[in-house]
Every structure is written in C-alpha cells, then in structure tokens.
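Let me begin by presenting the structure, written as structure tokens, before commenting on it.
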Amino acid sequence: MKRNAFVMALAVITLTLMWREVEAGEPTLRKAVKVTFSVTLGSLRFMGSPPEAVGVVGDVKPLRTDRELPPALVLRAAKEEPGRYSGTIEFLASSTRDVPFALMLKVEGRWRKEPGNLGTEHVMILDSLLTVQNVSLRYVTEQRRFVAESKGGLIVDNYVAASTLAESRKDAASARTYEYYNVLALLSTGRLLEADNAYNRYCASSPLGLSAREGYDHFYGQKAFALAKMGKNEEAVQSLKGVQPNVGDAGFQEGVKSALAQILQDGGRQAEA
C-alpha cells in the first residue's frame, strides 16, 4: 500500500512538473486569473504632497491605456498601512501571459505617469496554474522609480521571459520592445557590460538597420548617468561625446545632447554644458 501511494504521489508530481513545463511556453492563459496589485508610495511627493490616488494602465484588457483615463483599475488606500494602495482585476482566458503595465498617479486632479519610467513599462508574467496572483511594487527614493518587491508573487519585470512569450506568438514588435526594456533595466542596476551586450544585440536585429536609432532610445544617456553614479564622470562625458552625429533621428540626438549637458552641470562643468 505504501509503495502504491508513493508511486501515485510521484506520478502526480511528475505530471505537475510536465504541466508547468508545457504551460511555461504557452503565450496565452488557459483560464481566467485574478491579480491583486499592491503599491507602496513611501516618500514619493509631488509639490510637497503625496498622490491622491494610484491607478494601473496597460494594453491588455480589461486594463485601459493611458489615453483612456481614468484607469480601469484604481487602487484603494490600505487603512492598516498608510501610503500603501491595493486593488484586484481579472484577466480572462486567452489573454496574453505577458502583460505590460504602468502606474498612474493622480496629482492635483490630473493623472500622471509614474516617475522614472523613461517611456518603459513594467511587465508581469501570468501563470495559468494560479487563479489568484499578486504584484507588489514600492517606490525607491534612491532609484527614483517603482521597483518590484520579492514577496513570492508574480514574476515582474522579467523582460527576457516576456520577449520569449511574445516571440512564441509571433509578435516581433512586442518582443523587441521587451528587449529594449531589458537593456534599461540592466543599466538601472549597474550591470553595464550586460547592458552593452544586450543593446548591441537589440541594434543588430533592428529591421531599420544597425545605425538606426529612434527618439525613444535613451540608452546612451542612461548609461552615462549610471557611470556618473559610479563616480566615473569623465567616462560618462566621453561616452556621450563619442556618439556620432549621423546616428539616429533628431529626437535621439537631442536626447544625447540633453544628457551630456546634465552630466556636465552635475559635475560642476557648467561652462562646457
């Protein structure tokens, strides 16, 4: 009896692992999933006051984009923890498992995009095997942005996994967007060599050509800021001065010039800015 029970238990574990392995590569949900967002504002202030409300926007329904305000999901203040907001939303079966999203903060009656995102978005990877899942984000003053907390919830801001899912459903545009987000995420954590390699791969696979750069591309500016934060101001300046004037569009070049002026001013070199 004990041996039979052991064999049955082993079979269940094996089937569960096989199910997870298969599900891990599936680009869409098998069944509906409820996601609870928890956001901690910490010391975040606008004009000396905390935001009046927190919302979540995104392209995957039932979320709405930041062009369709107010947000479909507006979080409620947690009475037991001041500065923390939470709310739940349900994603239906057949929704994409990679769900890009961003936080919106209501300030003086107007909804504003979360600070420090530079045009990027967060992304969560939904799991069909869990009908209730959690996303927890906290504003980190030192980084001036919202960072995912490790509390055993969903996989958040894993852009490599998101890109793989997008590729599996033949969505090349989303896959490339996630690749770019991954580059900025590496820069924000000081992993410059990995960011360089990831950015080179991103540019090499561009359908517009290796030298093409769009106005949204903040790589060089963000790399320079990361270098300056590490005390390598001169290296930061030279990295920006080394960007060729014939690379990218006007918006890209303006971003490089703006970043260079900021680095010079922060380093006390106003005359060169």
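Where a number appears in this text, it was derived from the coordinates with a stated rule and is not lab data. What you are looking at is a predicted structure, and each value in this text was computed from that prediction instead of being measured. So basically every Cβ, Gly included, is an ideal-geometry build from the backbone, and we count neighbours across all protein chains shown.
With q set to 0.15, 0.17, 0.25 Å⁻¹, the log10 of I(q)/I(0) for the stretch 23-107, from the Debye formula over equal scatterers at the Cα positions, is -0.60, -0.73, -1.21. Size check on the stretch 163-273: the Cα extents along the three principal axes, sorted descending, read 51, 29, 16 Å. I'd like to know which of Val107, Gly267, Ala72 lies farthest towards the positive end of the charge dipole of the chain, counting +1 on Cβ of Lys and Arg and -1 on Cβ of Asp and Glu. Highest projection toward the positive end goes to Ala72.
Each distinct pair of alpha carbons in the chain adds a 1/r term; the inverse of their mean, the Kirkwood radius, is 20.9 Å.
With the cut-off at 1.5 for a/c, could you classify the stretch 148-195 from its C-alpha gyration tensor as rounded, prolate or oblate? If you can, show how the numbers build up before the last one.
Numbers: a/c = 3.06, a/b = 1.21, b/c = 2.53.
Oblate.
Rank these for me by crowding, Met230, Met124, Met104, going from fewest to most other beta carbons within 10 Å.
Numbers: Met230 12, Met124 26, Met104 23.
Result, fewest neighbours first: Met230, Met104, Met124.
For Lys31, the lysines whose Cα comes closer than 18 Å to its Cα, not counting residues fewer than 8 places off in the same chain, are Lys61. Which shape class, rounded, prolate or oblate, goes with the stretch 69-116 when its Cα gyration tensor gives a ≥ b ≥ c as root eigenvalues, a/c under 1.5 marks rounded, and past that a/b bigger than b/c marks prolate? The shape class here is oblate.
In the chain, taking the dipole from charged Cβ atoms about the Cα centre, the farthest positive-side position among Gln238, Ser136, Gly116 is held by Ser136. Straight-distance candidates among the aspartates and glutamates for linking to Lys241, with alpha-carbon spacing under 13 Å and chain neighbours fewer than 8 residues away dropped: Glu254, Glu272. Annotation: aspartates and glutamates with alpha-carbon distance below 16 angstrom to Lys106 (same-chain offsets under eight excluded): Glu52, Asp66, Glu68, Glu114.
Hey, fewest Cβ within 10 Å first, where do Arg269, Arg145 land in order? List each step's numbers first, then the result.
Details: Arg269 13, Arg145 17.
Ranked by crowding around the Cβ, least crowded first: Arg269, Arg145.
Model label sites at Tyr202 and Arg144, defined 7 Å from Cα along the beta-carbon direction, differ in position by 1.9 nm. Applying the criteria of a DSSP loop state and at most 16 other Cβ atoms within 10 Å to the chymotrypsin sites (Phe, Trp or Tyr not before Pro) of the stretch 147-256 yields Tyr216. For the stretch 36-101, a crude dipole built from +1 on the beta carbon of Lys and Arg and -1 on the beta carbon of Asp and Glu, taken about the Cα centre, is about 60 debye to the nearest 20. Helical content alone sets the calculated 222 nm signal of the chain at -12000 deg cm²/dmol, taking -39,500 (n - 2.57) per DSSP H segment of four or more residues and averaging over every residue. The residue among Ala195, Gly251, Ala53 whose Cα reaches farthest toward the positive pole of the charge dipole of the chain, with charges on the beta-carbon of Lys, Arg, Asp and Glu, is Ala53.
Taking the Cα centre of the chain as the origin, how large is its charge dipole in debye, to the nearest 20, when only Lys and Arg (+1) and Asp and Glu (-1) carry charge on their Cβ atoms?
Working: 34 positive and 31 negative charges, 137 e Å.
Once rounded to the nearest 20, the dipole reads 660 debye.
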